[in-house]
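One structure is given below, encoded as structure tokens.
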Amino acid sequence: MSAIWGIVALNEKETLPVRGRELFTKTYEEYAIDRQEVVESKRACFGCGLQYVTAEAKREVLPAEEKERKLLFTADCILDNREEVIECLAGTGNERSELEKMPDGALMFQGYLRLGKECTRLFRGLYAFAVWEEKNNTLTLVSDGVSARCLYYRRQGNLVAFSTVLKPLCELFPGTEKNTNYSKDFLLVNPSVVYVMPGETPYKDIFLMKPATIAEFSLKGTSFTEYTHKEPETGKTQTKKRTGKQEYSREFLELYRQCVKDALRCDGEVGIALSSGLDSSTIGVLAAQELEQRGKKLHSYTFVPYKKENMVSSGDQVCDESTYVKELAVKYPNIEVTVLDNHGKNVFWDREESTSTLEMPYKTGTFPNHYEMCEEGARAGCKVFLNGGFGNNTVSYGEINHILYDCYQRKKYVRLLLWLNRYCRHEKIGRRKTLRKLLENCRREQKEKIEFPTHFAPDNFFLLPTILRDYDIKSRFEADKRLLLSNHYLDRERYGEHLKATALLMYLGVFETKFGLRHGMVLRDPTKDIRMIQFCKSLPYEYFAWGGMTRWLIRYGFRELLPESFLERWSRKGVLNADWVDRVYRDWKELKPQLVQTLQEESIAEWVDAKRLAEGLERMGENKRNDSYVLTYVCALFAVAEYGKNS
């Protein structure tokens, strides 16, 4: 993998900034990069900071130049379909033996030289690349299908700059203004939702490439084109053979295994953020099996409560997931288990490393924990670090109420009753009460028209109506249709909208790209492989919870691969940061003054109900459930205020 950057003057009248090259190269010296190269032409300067993740990366020559066509190329990439790319290019004039020796960036460059923009349909993997063609005064930027590698850009007149990280673009253009709407998006949506407007950043006029997009900058203007990935022939063949749930399950497991295998390609050790959840545990199983054949370990890292005695698991909630992880390691001995507790820190302390690395505010308290995992993985020599952050949308999707609602919509009442009955019997809950509640909700779903409200009351009760001043809530929130669906049942049509997840994919791409750059590794999530997303789009909806079994697709597929304890309780869920409120309680005397001071920051002061906030902080410790709610929204306010103060 790598970090890329460039500055282009689209015409002769424009001149490149004098300190442009220096700004970029100095910024990337702060990251875990093995080699940095720069190539300049008359009106362009391209850079690439290479990380030696794969064996081939050491031979990579990027940026690349084609002098006859006056063309510059740079790429941040790791291909999952090298063989397919080689097969295609071998028929366009290249010798196969030469192609097989090429690193991934060189292969992509050859693909662009031979196929032009059509090459985008051929590539599969993690990538972002840039091409400057001086003859037609055009800069082209391309992102992969899920924005797994983030790429920022800015155009000012006929000067265009792009970069994997945000900082140098701010410094290159003095007077860069903050994007107030971005901060409002961040605060107004539910705490579990990422920023709303896909492509926007905390700064005006600096944007983030959307998934599967070709951006062209020329003297005529800027244009954007979405492209689709070419489906492999094998996938088409498999689709023809499908005759029922057994065939779909078999294809799912084969595809999942291939996605994980492709993600393991590296010249070092492999790590994983491992929990008791079905996403990371199934990735861990497949990775452990593949690595065992290579005689290698899987280094796993699990976050645990600081004081375990106060975190006893109850009912369906698992507070300390290390017990399950250790059980998995017994079944797969090459999994090496390490438990971490972020040194007992609360969610407010020491956010600087995560925030400065991400270059954006964040709500979730798990990012500092993941940062610590990456640090430990880097010390162990990990070049690939696995996670399953997108799995709830793909491999482990299938909450029972969504699938039963689809049955209700399609008038499959017998199926609905049979599957509900089986679910209640397995989970030992009352059938009549569950059915009555389900039918009430289904009828309400049919009556209610799902639309954005004209008058919006934010979930965060510490916000004043002044936050809606000069802010078009409807147009902003319509940019992400998942917001419409977050509190509703999903039928098969709504699931299709839910699966697009543009803002979420871009958010995860920023996290994976930048944490990887900081620690000298590539973060990979096989559950958001473009092939897995395509598979889940094509899967008959009922197979996500067939027969009333919650998350049937993954449970059935891994029935012989996971320990029974992972499968038996369908409603079991791990609790992330289970002791986060207790850590805040422990440090409250020291923490409270800092919160009060930070939450008076000018960047958010006019939006905050200071009186209500003071009352909420004053009552801290009276009711843990209410305190959890209060602290969740305080975290969001704190994140925006801290970021505004330090950026």
Review point. Which distance in nm do the two modelled labels at residue 626 and residue 136 give, with both placed 7 Å along the Cα-to-Cβ direction?
Key: 6.5
Practice item. Calculate, for residue 571 and residue 488, the FRET efficiency according to 1/(1 + (r/R0)^6) with r their C-beta to C-beta distance and R0 25 Å; round to the nearest 0.05. Key: 0.80
Review point. GluC sites (Glu not before Pro), restricted to the stretch 171-216: which are DSSP loop and have at most 12 other Cβ atoms within 10 Å?
Key: 177
Check your understanding: Quick one: Kirkwood hydrodynamic radius for the stretch 322-370, alpha-carbon pairs, angstrom, one decimal?
Key -> 12.9
Point to revise | Cα convex hull volume per residue for the chain (Å³) | key: 165
Point to revise | Tail beyond 17 Å, pair distance distribution of the stretch 344-435 (Cα, percent) | key: 68
Review point. Any idea what the relative contact order of the chain is, in percent, if you count C-alpha pairs under 8 Å spaced at least 6 apart?
Key: 16
**Study point:** Rg/Rg_ref, the stretch 450-552, where Rg_ref = 2.2 N^0.38 Å and atoms are Cα
**Key:** 1.40
Practice item. State the dimensionless ratio Rg/Rh of the stretch 104-204 (Rg: radius of gyration of Cα atoms; Rh: Kirkwood radius). Key: 1.03
Review point. Cα gyration tensor of the stretch 54-132, axes a ≥ b ≥ c as square roots of the eigenvalues: rounded (a/c below 1.5), prolate (a/b > b/c) or oblate?
Key: rounded
Practice item. Quote to one decimal, in nm, the extra length available between residue 61 and residue 87 on full extension: 0.36 nm per residue of separation minus the C-alpha distance between them. Key: 7.2 nm
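Which FRET efficiency value, to the nearest 0.05, is calculated for residue 317 and residue 171 with the Förster distance at 45 angstrom and r the Cβ-Cβ distance?
On the way: r = 46 Å, r/R0 = 1.02.
After rounding, the FRET efficiency stands at 0.45.
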Point to revise | Compactness index (Cα Rg / 2.2 N^0.38 Å), the stretch 475-533 | key: 1.37
**Study point:** When each of 296/573; 13/42; 167/204; 261/383; 363/624; 167/345 is checked by Cα-Cα distance, pairs over 18 Å
**Key:** 296/573; 363/624; 167/345
Practice item. Specify which residue in the list 511, 487, 521 is farthest towards the positive end of the charge dipole of the stretch 472-521, using unit charges on the beta carbon of Lys, Arg (+1) and Asp, Glu (-1), about the Cα centre. Key: 521
**Study point:** 3J(HN,Hα) from dihedral phi, the stretch 105-116, Karplus parametrisation 6.51/-1.76/1.60, rounded to Hz, x for glycine, proline
**Key:** x, 5, 4, 5, 4, 4, x, 5, 4, 7, 10, x
Exercise for review: Give the share of C-alpha pairs in each 5 angstrom bin for the stretch 525-616, from 0 to the last occupied bin, in whole percents, shortest bins first.
Suggested key: 2, 9, 11, 12, 11, 9, 5, 7, 12, 15, 5, 0
Check your understanding: Out of 370, 137, 395, whose Cα points farthest toward the positive end of the dipole of the chain (charges: +1 Lys, Arg; -1 Asp, Glu; placed on Cβ)?
Key -> 395
Check your understanding: How long are the three semi-axes of the equivalent ellipsoid for the stretch 141-191, computed from the Cα gyration tensor as the root of 5 times each eigenvalue, in whole Å, largest first?
Key -> 22, 19, 9
Revision key, fill the gap. For the stretch 512-647, the accessible surface attributable to carbon and sulfur atoms (probe 1.4 angstrom, ligands and nucleic acids excluded) amounts in percent to 47
Check your understanding: Going from the alpha-carbon gyration tensor of the stretch 1-67, what semi-axes, largest first and in whole Å, does one get by taking the root of 5 times each eigenvalue?
Key -> 24, 15, 7
Point to revise | Sequence ranges 503-516, 249-262, ranked by mean other-Cβ count within 10 angstrom, highest first | key: 503-516, 249-262
Study note, to complete from the structure: Mean projected area, convex hull of alpha-carbon positions in the stretch 287-383, reported to one decimal in nm², is 7.9
Exercise for review: For residue 560 paired with residue 220, estimate the spin-label separation in nm (one decimal), with each label point 7 Å from Cα along the Cα-to-Cβ line.
Suggested key: 5.8
Check your understanding: So which aspartates and glutamates can residue 101 reach, going by Cα to Cα under 13 Å and dropping same-chain residues fewer than 8 places off?
Key -> 56, 60, 83
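How long are the semi-axes of the ellipsoid equivalent to the stretch 395-446, from square roots of 5 times the Cα gyration tensor eigenvalues, in whole Å, largest first?
For the stretch 395-446, the semi-axes come out at 16, 14, 11 Å.
Work out how much length residue 447 to residue 459 would gain on full extension: take 0.36 nm times their residue separation and subtract the Cα-Cα distance, in nm to one decimal.
Working it through step by step, the gained length comes to 2.0 nm.
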Check your understanding: Protein chains only, probe 1.4 Å: how do 628, 354 rank by accessible area, largest first?
Key -> 628, 354
Check your understanding: Taking the stretch 539-587 as the region of interest, what is the percent of Cα-Cα pairs per 10 angstrom bin, listed from the shortest bin to the one with the maximum distance?
Key -> 22, 36, 20, 16, 7
Review point. What are the extents of the Cα atoms of the stretch 373-488 along their three principal axes, listed from largest to smallest and rounded to whole Å?
Key: 52, 50, 26
Review point. When the helix-only estimate is applied to the chain (DSSP H runs of n ≥ 4, each -39,500 (n - 2.57), divided by the residue count), what is the mean residue ellipticity at 222 nm, nearest 500 deg cm²/dmol?
Key: -13000 deg cm²/dmol
Check your understanding: Which loop-located chymotrypsin sites (Phe, Trp or Tyr not before Pro) does the stretch 56-132 contain, where loop means any DSSP state but H, G, I, E or B and the Cβ has at most 12 other Cβ atoms within 10 Å?
Key -> none
Revision key, fill the gap. Rounded to two decimals, the Debye log10 I(q)/I(0) of the stretch 187-231 (Cα scatterers, no solvent) at q = 0.14, 0.26, 0.28 Å⁻¹ is -0.52, -1.03, -1.08
Practice item. Leaving out ligands and nucleic acids, note down the accessible area per residue over the chain with a 1.4 angstrom probe, in whole Å². Key: 43
Exercise for review: Starting from the amide H of residue 36, placed 1.01 Å from N in the peptide plane, find each other amide H under 5 Å away whose residue is 5 or more places distant or on another chain.
Suggested key: 50
Practice item. Compute the whole-percent fraction of alpha carbon pairs in the stretch 29-163 spaced more than 19 Å apart. Key: 50
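The values are calculated or read from the model by the stated rules, or taken from the named source; none is laboratory data. All values derive from a computational prediction rather than experimental measurement. Using ideal geometry, Cβ is built from the backbone for each residue, glycine included, and neighbour counts are taken over all protein chains shown. Ligands, DNA and RNA are excluded from the accessible area calculation, which covers all protein heavy atoms including side chains. Shrake-Rupley method; radii C 1.70, N 1.55, O 1.52, S 1.80 Å.
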